[in-house]
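Down below is the structure, laid out as structure tokens.
The values are calculated or read from the model by the stated rules, or taken from the named source; none is laboratory data. In this text the structure is predicted, and so the values were computed from the model without any measurement. Positions of Cβ are generated from backbone atoms using ideal geometry, with glycine treated the same way; all protein chains shown enter the neighbour counts.
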Amino acid sequence: MAESSNRRVKVKNKSPAEQNGGKMCLDQLSSEVVATIMTKLDVSSICAISLTCQSFRVCAQDIFKFLPNFHLLEIAPPIDRLRGLLLPNASLRSLKLDCRRLNESSIDYLLQPGLRELSLRNCFKFSGRLLSEVGARCKHLRSLYVSSIADNRGHLHDVCDLEELLRGCTQLEELILMFDVSIFRRPDFARVWTLASTKLTYLQIGYITQLMVTELLTPTTSPHHQPNHNINIPPPIFPNIHKLSLSVDYISNTMINIISSTLIHLTHLDLRDQPIVEPGLTFDLTDEGLQLLDKHGRLKHLSLIRSQEFNPTFFRRVTDQGILFMADRCTSIEAICLAGFCQVTDTGFKTLLHSCKNLYKLKVFNGTRMTDLVFHDMYATSLALTLVSLRCCNLLTNSAVLQLALNTDLNVLDFRDSRNIGDKAVESISKLPKLKTLLLDGTDVSDVGLSYLNKGENSTLVKLSIRGCKRLTCKCISSLFNNGSNRGLRELDLSNLPDLTNAGVLLLVKNRIPLVDLRMRQCPLIGDMAVMALASMTMADGDRWHGSSLRSLDIYNCGGISKLAFQWLKRPYFPGLRWLGVAAAMNHELVESLGLNRPFLHLMTRGEELGTDKWDNLDDIYMHDYEEVDELEQWIFQQDDVDDDDVEDENEV
């Protein structure tokens, strides 16, 4: 009996590691150690590991009471799921959420007084009251991003909501309002902006009329004052603005003049307009307007874009002379984007390249008169370009690309819809040692051209788009991935390739490329077999998880998709999928059933591009490794199923 008692004592004195054959189990770690580890993780990961055991679940619940950053943009959780996460938290400093399933009843949970950074996307169900509540509750806010307020409501809002925001948030440094601010009544709109924080350095507005911009930035004095030397001129609005980004109805000389004159510290200017009709002289940009840019000599980044969303309009009153004026004044420019300058020729573009010696980013859209001559003496410049985008520049040929490829620091190249770019251009591009993004949509590239990108283990590409390249066949897949090449590729767009078949997708699966984003929209020969193969794909490192890497899959309007494919799109297949493009017209019931099976999946059924909405471009979705069952969704679904008895038993122990 004594010996038996001694043996029991020895067992009790053994460490947890000794009792488990020398191995320490994670759930035997102290709560302090587990909490320290969890604070290094994002919200999705904390939710995921809370599923593994009871002690982790309890620790996760405590973590959310003092977590400094709460970022959850990859899904849109409903309020009943957020209540258990967004607890009163004096340590919370940064909150980022997709609010498409939330409404104003969630304001009490979202707006916590200690916040310094707040990003609320897709606020369709909120009114302007959200802004006033932010001003009342988040006094220490430094950065605010709000998008799509009342987009589904379509009525005017009281400017008092904006006034309360600006009056309350006196420490704001960044303010991004990605919605139509013309929903605020005009008479007092300019007045309330005098309350804006003097620390504001970055302002972005989703849509504002050029008249409102002019009124906003024009200094005013009281109408009762008589002109004399004793009048106190009001302090300038936005005295410290460095970055300004606006989408307007018309870009005009008047707007350029008032912006350049008033914002004396401006370094970044991004203006985009979308005229419904061809603008008249008074409401348009001319050569004189470009001469008014950068009056204070600080401009580093300039973007002037005329969108053709509503009407095929251009900056028809801007010529080479205006570009010469701009190049002479804006000599410190480092990044420039020009879209819709149809009257500018090689003379204007070439002047920019030779005058702006610090230029490293160049974007030109619809450069209808740009030819190879712009780049024929690139060797004579000191430029070190890292990003070049020449879209819809149909007079460019392979010769221009051969010259551009002399910039060995290039990591992004975009020649979308420049239809005369072909195989020889790709051959020169393939020699760039740092290239990560290559966009060749609508070019004259063939399978032979893509084979030049097959560089084995030396390939650096992360993103490739060959959408609408009509000369490509199903062999383009083998051209890219044979011999273990391009294994670092994460985003691939094969859309609108009429000769792409299921066999090409099978080859992609066979090579086990861990793609995150795959787009094959409007490929008539892609069908159920391609979806089944992708759903069954395992990774090259031996993981057993099926289709685990894909975050976005676009099979919209693919000719061979039937009811069978929808069965493979349901859980547990494609566990990490967040965006899916399919055609609802083929079978509404199948799409609705898929939506019920995967309620947190963003289903795009009307041909929309994945990862985008009216205001935002959500390319910055977090990328994680997901197992056979998506743990974040599993955590959300199982919250109501937690066994209270287990919790009580553990407390008793």
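From Lys357, Lys295, grab the single residue that is of a type outside the set (S, T, N, Q), within 22 Å of Ile258 (Cα to Cα) and touching a Ser or Thr at 6+ places or on another chain (Cβ under 7 Å). I'd like the intermediate steps shown before the answer.
Values: Lys357 fails: within 22 Å of Ile258 (Cα to Cα).
Of the residues listed, the single one that is of a type outside the set (S, T, N, Q), within 22 Å of Ile258 (Cα to Cα) and touching a Ser or Thr at 6+ places or on another chain (Cβ under 7 Å) is Lys295.
Report every pair of residues separated by at least 6 positions or lying on different chains whose Cβ atoms are under 6 Å apart, first residue within region 296-325 and at negative phi, second assigned to a loop (DSSP other than H, G, I, E, B) and of a type in the set (Phe, Trp, Tyr).
Arg306/Phe315; Phe315/Phe341; Val318/Phe341
Select from region 375-398 the residues that are outside any loop (DSSP other than H, G, I, E, B) and at pLDDT 95 or above and list them in ascending order. If you could, list the steps in order and put the result at the bottom.
From region 375-398, those outside any loop (DSSP other than H, G, I, E, B) are 375, 378-380, 387-391, 398; that's our starting set.
Within region 375-398, Leu387, Val388, Ser389, Leu390, Arg391, Asn398 meet the criteria.
Enumerate the pairs (first residue in region 97-120 and over 20 Å from Arg142 (Cα atoms); second residue anywhere and surrounded by fewer than 20 Cβ atoms within 10 Å (Cβ to Cβ) and of a type in the set (A, V, I, L, M)) with beta-carbon separation below 6 Å, excluding pairs fewer than 6 apart on the same chain, so at least 6 apart or on different chains.
If the second residue must be surrounded by fewer than 20 Cβ atoms within 10 Å (Cβ to Cβ) and of a type in the set (A, V, I, L, M), the pairs left are Arg100/Ala76; Arg101/Ala76; Leu102/Ile79; Ser106/Ile79.
If we keep just the residues of region 438-464 that are touching a Leu at 6+ places or on another chain (Cβ under 9 Å) and either over 18 Å from Ile513 (Cα atoms) or β-branched (Val, Ile, Thr) (or both), which is surrounded by the fewest Cβ atoms within 10 Å (Cβ to Cβ)?
My answer is Thr460.
So which helices (runs of 4 or more DSSP H) are wholly in region 88-187 and hold at least 2 residues that are touching a Phe, Trp or Tyr at 6+ places or on another chain (Cβ under 8 Å) and under 28 Å from Leu211 (Cβ atoms)? If you could, list the steps in order and put the result at the bottom.
Working: elements: 107-110, 129-137, 159-168.
The helices (runs of 4 or more DSSP H) meeting that bar are 159-168.
Quick grid of which residues meet (1) over 22 Å from Leu110 (Cα atoms); (2) assigned to a loop (DSSP other than H, G, I, E, B); (3) modelled with pLDDT of 75 or more; (4) not hydrophobic (A, V, I, L, M, F, W, C):
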position: Arg7; (1), (2), (3), (4): yes, no, no, yes
position: Val11; (1), (2), (3), (4): yes, no, no, no
position: Cys47; (1), (2), (3), (4): no, no, no, no
position: Asp62; (1), (2), (3), (4): no, no, yes, yes
position: Phe66; (1), (2), (3), (4): no, yes, yes, no
position: His71; (1), (2), (3), (4): no, no, yes, yes
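Is it the case that region 403-410 has a residue that's farther than 25 Å from Thr286 by Cα, part of a helix (DSSP H, G or I) and out of contact with any Pro (no Cβ under 8 Å at 6 or more places or on another chain)? Give the steps one after another, and end with the answer.
So in region 403-410, the residues farther than 25 Å from Thr286 by Cα come out as 403-410.
Filter again for part of a helix (DSSP H, G or I), leaving 403-404.
Retained after the next criterion (residues that are out of contact with any Pro (no Cβ under 8 Å at 6 or more places or on another chain)): 403-404.
There is at least one residue in region 403-410 that is farther than 25 Å from Thr286 by Cα, part of a helix (DSSP H, G or I) and out of contact with any Pro (no Cβ under 8 Å at 6 or more places or on another chain).
Quick one: Glu592 ticks every box in (1) at pLDDT below 85; (2) of a type in the set (Asp, Glu); (3) in a helix (DSSP H, G or I) bar one, so which box is it?
Glu592 satisfies every listed condition except (1).
Name, by its number, the condition in (1) of a type in the set (Gly, Ala, Ser); (2) out of contact with any Lys or Arg (no Cβ under 6 Å at 6 or more places or on another chain); (3) touching a residue at least 24 places away in the same chain (Cβ under 8 Å); (4) farther than 26 Å from Leu387 by Cα that does not hold for Gly280.
Result: Gly280 fails condition (3) only.
Within region 571-592, count every residue that is of a type outside the set (A, V, I, L, M) and exposed (fewer than 15 other Cβ atoms within 10 Å of the Cβ). Steps first, please.
Just the residues of region 571-592 that are of a type outside the set (A, V, I, L, M), to begin with: 571-576, 578-579, 581, 587-589, 592.
Okay, now just the ones that are also exposed (fewer than 15 other Cβ atoms within 10 Å of the Cβ), so 572, 588-589, 592.
The number of residues fulfilling the criteria is 4.
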